[in-house]
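The values are calculated or read from the model by the stated rules, or taken from the named source; none is laboratory data. What you see is a predicted model; the values in this text were computed from it and never measured. We place every Cβ from the backbone using ideal geometry, glycine too, and count neighbours over all the protein chains shown.
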Amino acid sequence: MKKMLCLFLVVMMVALLGTGCGGQESTPAEQDSTVKVGFVYVGPVGDGGWTDAHNEGKLYMEEQLQVETVIKENVPEGPECEKVINDMIDQGCNIIFATSFGFMDYAEKAANNHPDVKILHCSGYKSSENMNNYFGRMYESRYLSGIVAGMRTEANKIGYVAAYEIPEVIRGLNAFTLGVRSVNPEAVVKVKWTHTWYDPAKEKEAAKALLAEGVDVIAQHQDTTGPQQAAEESGVWSIGYNTDMSESAPTAYMTSPIWHWGPYYVSQVKAVMDGTWKSEAFLGNLKDGTVDLVPLTENAPEGAQEAVEKAKAEILSGENKIFTGPLKDNTGELRVKEGITMTDEELFGTEFMWLVEGVEGKVE
Amino acid sequence: MFRLVKRSEISRKKSIVIRLLAILLAFTAAGILLLTLDLNPLEVYASMIKGAFGSAYRVREVVIKTVPLVITSLGIAIAFKMLFWNIGADGQILMGAFAASYVALNYGDLPRFLLLLLMFVAGALGGGLWALIPGFFRAQWRTNETIITLMMNYVALKWITYLQYGPWKDPQAMGFPKIPNFTANAVLPKLFGVHVGWLIMLLLIVIIHVFLNHTKKGYEIAVLGESENTALYAGMNVKNTIVSAIFLSGALCGIAGMIEASAVSNTLSVEVSGGVGYTAIITTWLGALKPLVILLVSLLFAALLQGGSFIQTAHGIPESTALLLQGMILFFVLGSEFFIRYRVILRKE
Amino acid sequence: MMADIAMEGITKTFGKVVANKNIDLQVKYGEIHALLGENGAGKSTLVNVLSGIYIPDSGSVYIDGKETRLNSPRIAAEVGIGMIHQHFKLVENMNARENILLGNKKGLLLQKEKLNGEIVALSERFGLKINPDQKVYDMTVGEKQKLEIMKVLFRGANILILDEPTAVLTPQETENLFEIIQKMKDEGCAVIFITHKMNEVMMIADRITVLRKGETVKTLTKEETSPQELAELMVGHKVDLSIKRPKTEKGRVLLEVKDLQAVNEEGIKTLRGISFKLATREILGVAGLAGNGQKELCEALAGLYPITGGSIEYLGESLVGKSPREISSLGISMSFVPEDRLGMGLVAAMDMVDNFILKDYYKQKGMFVDRKQAREKARQAIKKLDISTPGINNSIRELSGGNIQKVLLARELNSNPSLLITAYPVRGLDINVSYKIYDLINEEKEKGVAILYVGEDLDVLLELCDRIMVLCHGEVMGILDADKAGKEELGLLMSGEKTDKLGD
């Protein structure tokens, strides 16, 4: 009896695997005329942060183009990601937005295995015929938010809860610090690494640790509002990220650098529909509205709005390129000489792993 | 009031009826949940099945999930048969993956077959030696293995985390804490669209079935599991049997770790076990410690996971709801095991 | 006219097993009523119904002519029913008074002196000698039993149920217990006394109800019956109640034990210098109250218990420090039927075949186990010993106690032992199976095997064995010739009085 069962199972499994071999690429082909878009999220929708920002973009795109979409939340940055992408392709998706850095290698594998599917990866650096990477000059917004923080702080100590020691985060932290010191050269930015994108409790803990060190403004580079809550509870000030976080911290929150992915998503999906899509890296900026700063709340210091407006105008006009020398790192070594501006290759390359003067902390 | 009475024995037919009833109840209860979300339960269930078996790709995904579950369950079954409560399969998977990765990362240029063979042996040794620690403590000082194996999971996890953030961090990853990918030679090849882990799994099922039922060691493990006194009475070397069975148990988990690292992750990470070490405890138990039943149970379990994942994207069901659905089904199935062992008697005062 | 305590049409099933089937029982105050029956006849189930532990599927209980629903032990206690279990339910590290008070509502408010007074009064009324301040762990088995009885009486019980109370007692203690029971009767209590020993029934009971296979066979008065009739009613057919003792010429001395010493895990001495000789064609009985070194002695001989001194010689070869397999490799065929059948001798979850290979599977060549031979042996054993089992592949657990013991004996005798150690081989078994086992042991003796027989029933020891060694606290109190010794003498030795006799 049991032997029969076992035999049956084995035969069935081999048969299924066998048939799988034959009729492999049948599913996506039928969807040729239309598109179906998959979004792979690292956190849950409703994180009030990074994933929410992407989901807002998705909703905007849906509204504009009336296309079918699927999403998958809480995808770990590991092999599971490749499976999720494959699942989506199996279900007929032909455009995939993989919205976290750690998805890069798996997105690349999936792209190689499915040349007819377009995979757009956010915040990485790998690309191929059917995979591109897209991102934005968030540092521009972060610089502006730094101005607000620098004007607000009385202790001249600002806390910064950061996810990982990777160029994206370091770039933002440096720009923020430059923004702070453009209005308050005395202020320092203390950084804490959490090694997580989405762990509200852990991120809140990190913010509390910074508060214990005497900071009176909390800024962050995470996907959640955890640090904001810590600031709210301690009655100090905060700067968010990704979305308008005024609801999470009504008396602490001043502003957030935010993403507006909608227009880019519309343009990409439309290009695929029109058959004009090409694998091109994309870097959104203040000018095209991909990155922005939420209008300052009443918690922001007096005069901050004007200072931000002025700096924004300078950035838009190209007068202020932010990473222009002389720039020293926080060990005192001169990294960018007077009059030199860092190129995009330097800004977005793998070598930008140092912290500017004014940051208290180190890259491990 | 009611009270519980232990059933003396239960006919096979009755136990099957109870189990089926439990599954039916599970789907009914979960259906109510779905109805409150304005979803048609029948449609959702149909698409769960479709999601698990609806296309060749999905079947392959189910098989990929089944492989580590079965191999780990086999390992756990050996330990459980001896009443050694090995809760440490997760850690043993990680340490097996770690040992295999050490070979893969350092000798990635070796010929493919040789390299994979070395990784296989390393994986088995890694998991086996890791399990040997609580095994030795138990044999020597009768320590409680449940706690020690559980704690050692965290040690293993932290060790991999340390490697990932420290000495093994990929310098090419721009600071992102990940261990470099294996060379192509260190990745298990595919057969019928699925990595050959499934072949290893089938082979191991046969081997472990024979081992448990037809070898002296298997017999000794079974006797020892029933009564240590009887084992001593029969003249068995109890310590030796404990230690070697535990090594084998851990080695199987380590092999599962090697397969996952090589074929699925192509690298080592803390995600490599994916909680299989814990899930496998359930499948081992539901599989009644019998290799062939474990295969069946694991296959169904993997289908449940795959189907649950499918409905999230297909019906836009939030992940938490899909997990709740899986949890409810599991709750009823596990709950039914209780009613197979006990009978409820209502009594009138 | 209904009796004072009447159970009518009691039926109780456990799954498929019908433990009680339409049983009637009528007991009067001032009567000692024996409940007689083999294992599984339904005695314990019936009294558990009466004490509110089991709820019957159907049937009624009348106390003093009133129908009473005994839905819990508490309700049973309220109407005056008290049960003294076979296994005592006492808290070891409390004293007698505290144990009496446990679970007693009024207890907390009672004064110590007043309480002692009550205890003393009860002691005198029933002849129960108890020291209220003595801790339970300091008590002998007999004293613990008295305390159990006291507990029940203290709660005002006048219907007393004693479940096999003599199984754990010395002959002297048994006599004492019978006196107490007699006092209870004189005080107007109803006493229900469960046993399967005919002689005790004849000694003390007024009336006897015999149960067989869950049904009432008959209720009779002592005067109108005989042990022979009772045994036949119990078993359902004619039985021969005498044990043969085949006259054999004692052979050469096979086993010589000198000054054997051992300690247990707590470091307490369990064997204190045991010496004896055992010859072929001889059965040496070992008597003693449970837990006086019998188990340790058997296990030490079998190589399972570490000894700290003395010698064990088998035809001059020392067995000290040797494991069972080492003993076997010396070519010594020793069989050991341990007291704990399912916890040591057999594997309950395994079938007959797997149990048959337990002691010699390792002698097979290679890493695989071949069960072909064992299957054949199992089939033969079923035929030879009349083992009733659904098949050789059913787990031992499913068998009845008697059949389990037959399986164990069959395996141990299959190896053609020259030395056979059996510990309580008939404990808990039916008359039929017990006599079958006595026959088997005698058969082995005639074949020339040297046999060590650890037993508890003194009548059986006296009839079956050639000599009887009495142990107390791990010491040999004396070795008597069975045909010259009497129960009285054995009883004295069991309670610790030494003699120099060593038997012939």
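Here are the numbers for this structure:
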item: Residue within the stretch C:271-292 that is assigned to a loop (DSSP other than H, G, I, E, B) and crowded, with 23+ Cβ neighbours inside 10 Å present; result: yes
item: C:Asn22 over 27 Å from C:Met139 (Cα atoms), in contact with a helix residue (DSSP H, G or I) (Cβ under 8 Å, 6 or more places away or on another chain) and touching a residue at least 60 places away in the same chain (Cβ under 8 Å); result: no
item: Criterion (within 20 Å of the chain's Cα centre (by Cα) and either assigned to a helix (DSSP H, G or I) or under 27 Å from A:Lys321 (Cα atoms) (or both)) met by exactly one of A:Gly159, A:Gly150; result: A:Gly159
item: Selection within the stretch A:307-354 - part of a loop (DSSP other than H, G, I, E, B), under 27 Å from A:Ala206 (Cβ atoms) and touching a strand residue (DSSP E or B) at 6+ places or on another chain (Cβ under 6 Å); result: A:Asn330, A:Trp354
item: Tally, over the stretch C:337-378, of residues that are farther than 24 Å from C:Leu419 by Cα, free of Cβ contacts under 8 Å to residues at least 24 places away in the same chain and of a type in the set (Asp, Glu); result: 2
item: In the stretch B:296-349, the residues that are among the polar types (S, T, N, Q) and touching a residue at least 60 places away in the same chain (Cβ under 8 Å); result: B:Ser298, B:Gln306, B:Ser309, B:Thr321, B:Ser336
item: Per-region count, the stretch A:149-194, residues within 14 Å of chain B (Cβ to nearest Cβ) and either free of Cβ contacts under 8 Å to residues at least 24 places away in the same chain or among the charged types (D, E, K, R) (or both); result: 3
item: Condition check for C:Val449: out of contact with any Cys (no Cβ under 8 Å at 6 or more places or on another chain), farther than 24 Å from B:Ser227 by Cβ, buried (at least 23 other Cβ atoms within 10 Å of the Cβ) and not acidic (Asp, Glu); result: yes
item: Single unsatisfied condition, A:Gly78 versus (1) surrounded by fewer than 24 Cβ atoms within 10 Å (Cβ to Cβ); (2) closer than 21 Å to A:Leu173 by Cβ; result: (2)
item: Conditions (1) within 14 Å of chain B (Cβ to nearest Cβ); (2) touching a residue at least 60 places away in the same chain (Cβ under 8 Å); (3) part of a helix (DSSP H, G or I); (4) over 16 Å from A:Trp50 (Cβ atoms); number of the one not met by A:Gly92; result: (3)
item: All positions within the stretch B:179-235 that are among the aromatic types (Phe, Trp, Tyr), under 30 Å from C:Pro338 (Cα atoms) and within 8 Å of another protein chain (Cβ to nearest Cβ); result: B:Tyr219, B:Tyr233
item: Tally of residues being part of a helix (DSSP H, G or I) and modelled with pLDDT under 90 across the stretch A:67-81; result: 2
item: Options B:Ala30, B:Ala52, B:Ala26, B:Ala46: the member that is modelled with pLDDT of 85 or more, surrounded by 11 or more Cβ atoms within 10 Å (Cβ to Cβ), on the phi < 0 side of the Ramachandran plot and touching a Pro at 6+ places or on another chain (Cβ under 8 Å); result: B:Ala30
item: B:Ile294 over 21 Å from B:Trp85 (Cβ atoms) and within 13 Å of chain A (Cβ to nearest Cβ); result: no
item: Residues of the stretch A:45-73 satisfying the condition of being in contact with an Asp or Glu (Cβ under 7 Å, 6 or more places away or on another chain), of a type outside the set (A, V, I, L, M, F, W, C) and surrounded by 19 or more Cβ atoms within 10 Å (Cβ to Cβ); result: A:Asp47, A:Gly49, A:Thr51, A:Thr69, A:Glu73
item: Selection count where residues are in a loop (DSSP other than H, G, I, E, B) and under 24 Å from A:Ala175 (Cβ atoms), scope the stretch A:222-237; result: 5
item: Residue match in the stretch C:336-347 (condition: within 14 Å of chain B (Cβ to nearest Cβ), in a strand (DSSP E or B) and modelled with pLDDT under 90); result: no
item: Among (1) touching a residue at least 24 places away in the same chain (Cβ under 8 Å); (2) in a loop (DSSP other than H, G, I, E, B), the one test that A:Ala219 misses; result: (2)
item: All positions within the stretch A:37-50 that are within 12 Å of another protein chain (Cβ to nearest Cβ) and not aliphatic (A, V, I, L, M); result: A:Gly38, A:Phe39, A:Tyr41, A:Gly43, A:Pro44, A:Gly46
item: Complete set of residues in the stretch B:329-348 that are surrounded by fewer than 19 Cβ atoms within 10 Å (Cβ to Cβ) and either under 18 Å from A:Ile71 (Cβ atoms) or at pLDDT 85 or above (or both); result: B:Phe331
item: Residues of the stretch A:344-359 that turn out to be modelled with pLDDT of 85 or more and either surrounded by 17 or more Cβ atoms within 10 Å (Cβ to Cβ) or of a type in the set (Phe, Trp, Tyr) (or both), as a count; result: 8
